Every structure is written in structure tokens, then in C-alpha cells.
Amino acid sequence: CAPQVRAEPQDAGGLPHWVCNVDHQNKAGYTALMLAALAAVEQEDDMNVVRRLFSMGNVNAKASQAGQTALMLAVSHGRQEMVEALLACGADVNLQDEEGSTALMCACEHGRVETVKLLLAQPTCDVSIVDSDGNNAVTIALEAGHSNIAVLLYAHLNGTKAQPQRILGGRGTAWPAPTRSHRRGLW
């Protein structure tokens with residue numbers, strides 16, 4: 001962030017205000033918000049700093065290399081507290097990266113059940129979005145072997161609290177191995 005820092009006029013106490021462009025992308029194409037979304041924060045004071053950072057920048061900015069958002073990165077790396085903070089700051093759950101993946105698709109592929117539940121609880125979450133391969137979140141969950149997540153998605157789509165045995169026909173979790181040539185959300 002150093003190249004984007006400048007002093008602003010002094011406040012009433014005579015101290016200069018320092019301004020940093022938190023949306024500035026580094027050479028790899030990531031903003032401070034995106035990098036903060038990857039952090040494992042253990043103390044509430046640190047999480048308050050992260051929340052402040054998220055509130056100051058564009059939580060929906062896309063990385064220049066693959067078009068991922070801070071939300072997608074947090075989901076992919078299992079940072080549930082960051083996912084919650086980003087959603088609280090207005091992160092769009094339906095934004096797609098260059099491959100057409102959404103944060104929900106990332107959560108489905110990585111088997112992050114609690115994150116899937118959190119994303120589905122967002123009123124704007126669209127389960128029917130398809131990626132560049134024509135797959136939606138249900139298909140991605142099944143291809144990754146996460147039938148429990150597929151059941152959640154199916155129930156969400158149908159407005160029910162379906163039971164896995166009824167949806168899967170008692171077949172358990174015998175699903176084909178993933179056939180995708182890439183992994184969502186890893187950089």
C-alpha cells in the first residue's frame with residue numbers, strides 16, 4: 001500500500017491524517033482486503049481492524065489474474081469469520097470469477113458445509129448460476145463427492161428440509177470422483 005499513501009490536511013489537534021488506497025492491487029493482482037480475507041484472526045481486536053478495513057474498501061473487487069473476490073478467497077481457504085465479515089460489509093455472493101465460479105461453488109467444491117449454509121442464508125444467493133463448464137453448485141458438490149452439500153442445495157432449491165436418504169435414493173455417498181481439471185479458489 002506504500003505507493004498509495006499520502007498525508008491529508010491536519011486535524012484539529014495538528015496531526016496529519018494518513019490515507020491509504022485499500023483497493024490498490026499489488027503485482028499479483030490482490031488488494032489489501034483480499035489478503036486480509038486469507039488471515040486467521042484469533043483476537044477480537046484484530047478482527048475489528050479487519051472489519052474496519054472491509055468497510056473502507058470495495059469488498060466486491062476482483063483480482064486481476066483470475067477475477068476472484070475476497071469472499072471467494074475466504075471461502076476457499078476456510079476462513080468462516082472472514083466470510084461472515086465480508087457478507088456483513090455487502091459482499092455479493094453471486095459474483096463470478098473468470099471461470100464463472102461463485103463463492104457458493106467454491107464452498108461446494110471444498111466441502112465447506114457451514115459456509116454453504118451461511119451463503120444460502122443470504123437472500124440474494126442464486127444456486128442456479130452456472131460456470132463456464134455449464135455446472136451449477138449442485139453438480140459441483142456432487143462431482144467433488146459432497147453429497148451432503150448437494151442435499152442442502154437441493155432442499156434450498158425446493159424450499160424443503162429434505163432428508164439425504166430420500167434424495168439420494170438410499171445410495172449413501174457413492175458419487176463419481178471429480179472430473180474437473182482445475183480447483184476453485186486456489187491461487
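The values are calculated or read from the model by the stated rules, or taken from the named source; none is laboratory data. Values in this document were obtained by computation on a predicted structure and should not be read as measured data. Reconstructed Cβ throughout: ideal geometry from the backbone, glycine too, with neighbour counts over all protein chains shown.
Details
- Evaluation of ASP46 against (1) part of a helix (DSSP H, G or I); (2) in contact with a Lys or Arg (Cβ under 9 Å, 6 or more places away or on another chain); (3) surrounded by fewer than 20 Cβ atoms within 10 Å (Cβ to Cβ) (one fails), failing number: (2)
- The residue list THR124, THR139 contains one member that is farther than 17 Å from ALA37 by Cα, at pLDDT 95 or above, in a helix (DSSP H, G or I) and out of contact with any Phe, Trp or Tyr (no Cβ under 8 Å at 6 or more places or on another chain), which is THR139.
- For the stretch 53-94, the tally of residues that are of a type in the set (Gly, Ala, Ser), assigned to a helix (DSSP H, G or I) and touching a His at 6+ places or on another chain (Cβ under 9 Å) stands at 1.
- From CYS89, CYS125, residue being more than 30 Å from ASP45 (Cβ to Cβ) and in contact with a helix residue (DSSP H, G or I) (Cβ under 6 Å, 6 or more places away or on another chain): CYS125
- Residue within the stretch 78-89 that is surrounded by 19 or more Cβ atoms within 10 Å (Cβ to Cβ), basic (Lys, Arg) and touching a Cys at 6+ places or on another chain (Cβ under 9 Å) present: no
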